[in-house]
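One structure is given here, and the rest of the page talks about it.
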Amino acid sequence: MKLKAIIWDVDGTLVDSEELHREAFNWAFTQVGLDWNWSIPVYGKLLEVTGGKERIRFFMEQSSLSEKQLPVSPEEMHALKTGYYSRSVCEGRLVLRNGVDCILKEAIGAGVRLAIATTTTPSNVEDLFVSGVIKKEQWEVVVAGDEVEKKKPAPDVYLEALNRLALSPKDCLAIEDSENGMNSAFQAGVPTVITTNRYTINQSFGKEFALVHDFGDGSPINSCANKTITLRHLEAWHLAATTTLIS
Ligand code: XBP
Ligand code: MG
């Protein structure tokens with residue numbers, strides 16, 4: 001089955017952005033006079049909760065605090081956080097992850113359509129366009145954050161991306177970095193390649209997923225050894241995955 005579109009996750013996949021998100025959250029907490037400071041291990045755990053607003057609310061509940069005990073609402077904190085994140089992205093603090101640019105160029109050259117399916121706030125994707133990290137005209141579909149009712153690991157964001165692409169799940173390949181993302185794409189029936197990062201390298205992914213640590217230096221786990229991952233590799237994996245699923 002021919003690969004017609006690649007649906008990309010954003011945070012941790014297109015860009016290694018979670019450290020900047022963590023910095024933005026901590027900055028926002030300081031701004032409102034809260035002594036919260038999410039360390040890397042704490043944030044790694046909190047990433048199990050998708051969505052920044054939901055993550056703040058979860059931490060508030062875990063801290064046995066009610067909203068009335070906070071200086072501002074989780075939504076207001078998140079708006080502050082998003083403002084800091086936006087300024088940072090527009091200052092050029094994010095770049096595409098290693099090897100991603102080559103794959104995007106190859107996909108465009110081969111007529112493979114590009115889409116985004118992310119939990120992050122829509123303006124964070126817009127900032128990736130504004131800052132030139134990715135080119136807006138190359139992305140046919142962007143589905144982000146609250147545009148869907150249920151965030152990852154629910155399949156909503158992938159189902160909406162498929163709907164807007166007018167493609168079936170098997171026409172596409174999802175690229176994700178986390179268990180939540182893997183489960184979202186898998187529930188939507190989209191074959192998925194996992195690329196890990198510092199926050200997800202120890203998560204467990206089913207053997208039915210192609211796993212690469214880094215597109216740039218290859219270092220794949222269960223695919224071609226030590227080669228840079230190219231579109232050809234993704235197409236081969238997609239063919240294997242869809243052939244297996246069809247038989
Ligand atoms: C990862 C997320 C997001 C980000 C923070 O999204 O779960 O919540 O951590 O962004 P992705 P917001 O699906 O791209 O991996 O604060 O805007 O939610
Ligand atoms: Mg992600």
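The values are calculated or read from the model by the stated rules, or taken from the named source; none is laboratory data. The shown structure was predicted, so the numbers you read here are calculated from the model rather than taken from an experiment. Ideal geometry is used to build each Cβ from the backbone, glycine not excepted, and the neighbour counts take in all protein chains shown. When the accessible area is computed, the model is the full protein with side chains, heavy atoms only, and any ligands, DNA or RNA have been set aside. Shrake-Rupley method; radii C 1.70, N 1.55, O 1.52, S 1.80 Å.
Condition test on S123, is it open to solvent by less than 40 Å² (accessible area, probe 1.4 Å) and either under 14 Å from the mean Cα position of the chain (by Cα) or within 20 Å of G12 (Cα to Cα) (or both)?
Details: open to solvent by less than 40 Å² (accessible area, probe 1.4 Å): no; either under 14 Å from the mean Cα position of the chain (by Cα) or within 20 Å of G12 (Cα to Cα) (or both): yes.
Considered against the rule, which asks whether it is open to solvent by less than 40 Å² (accessible area, probe 1.4 Å) and either under 14 Å from the mean Cα position of the chain (by Cα) or within 20 Å of G12 (Cα to Cα) (or both), S123 comes out as no.
Residues in segment 176-198 that are polar (S, T, N, Q), open to solvent by less than 10 Å² (accessible area, probe 1.4 Å) and farther than 14 Å from V212 by Cβ: S184 only. Scanning segment 107-123 finds one or more residues that are within 11 Å of ligand 1 (Cβ to nearest atom) and part of a helix (DSSP H, G or I). Restricting segment 126-145 to residues that are touching a residue at least 24 places away in the same chain (Cβ under 8 Å) and open to solvent by 70 Å² or more (accessible area, probe 1.4 Å), which is nearest to ligand 1 (Cβ to nearest atom)? Looking at residues that are touching a residue at least 24 places away in the same chain (Cβ under 8 Å) and open to solvent by 70 Å² or more (accessible area, probe 1.4 Å), I get V130.
Report, by residue number, each residue of segment 146-175 that is in contact with a strand residue (DSSP E or B) (Cβ under 8 Å, 6 or more places away or on another chain), open to solvent by 20 Å² or more (accessible area, probe 1.4 Å) and either within 16 Å of ligand 1 (Cβ to nearest atom) or not in a loop (DSSP other than H, G, I, E, B) (or both). It would help to see each step written out before you state the result.
Here is the first cut: in segment 146-175, the ones in contact with a strand residue (DSSP E or B) (Cβ under 8 Å, 6 or more places away or on another chain) are 157-158, 160-162, 164-165, 167, 171-175.
So of that shortlist, the ones also open to solvent by 20 Å² or more (accessible area, probe 1.4 Å) come out as 160, 164, 167.
Passing the criteria: E160, R164.
For A185, the conditions (1) more than 16 Å from ligand 1 (Cβ to nearest atom); (2) in contact with a helix residue (DSSP H, G or I) (Cβ under 7 Å, 6 or more places away or on another chain); (3) part of a helix (DSSP H, G or I) all hold with the exception of (1). Restricting attention to segment 91-120, and to residues there that are farther than 27 Å from E179 by Cβ and hydrophobic (A, V, I, L, M, F, W, C), which single residue is most open to solvent (accessible area, probe 1.4 Å)? Here the answer is I108.
Does any residue of segment 16-27 turn out to be in a loop (DSSP other than H, G, I, E, B) and either surrounded by 15 or more Cβ atoms within 10 Å (Cβ to Cβ) or hydroxyl-bearing (S, T, Y) (or both)? Talk me through it step by step, then tell me what you get.
Of segment 16-27, the ones in a loop (DSSP other than H, G, I, E, B) are 16-17.
Subset that is either surrounded by 15 or more Cβ atoms within 10 Å (Cβ to Cβ) or hydroxyl-bearing (S, T, Y) (or both): 16-17.
Yes; the residues of segment 16-27 include at least one that is in a loop (DSSP other than H, G, I, E, B) and either surrounded by 15 or more Cβ atoms within 10 Å (Cβ to Cβ) or hydroxyl-bearing (S, T, Y) (or both).
Mind checking which residues of segment 28-43 are closer than 21 Å to S88 by Cβ, open to solvent by 20 Å² or more (accessible area, probe 1.4 Å) and assigned to a helix (DSSP H, G or I)? Before you say what the answer is, go through the steps one by one.
If we filter segment 28-43 for residues that are closer than 21 Å to S88 by Cβ, which is where we start, we get 28-32, 34, 36-40, 42-43.
Right, trim to open to solvent by 20 Å² or more (accessible area, probe 1.4 Å) and you get 30-32, 34, 36-37, 39-40, 42.
Listed by number, the residues that qualify are T30, Q31, I40, V42.
Give segment 188-207 a look and list any residue that's aliphatic (A, V, I, L, M) and not in a strand (DSSP E or B), or say none. Walk me through it before giving the result.
Residues of segment 188-207 aliphatic (A, V, I, L, M): 188, 190, 193-194, 201.
Result: A188, V190, I201.
Each residue in segment 1-30 was checked for being more than 15 Å from ligand 1 (Cβ to nearest atom) and without any contact (Cβ under 8 Å) to a residue 60 or more places away in the chain, and 1 of them qualify.
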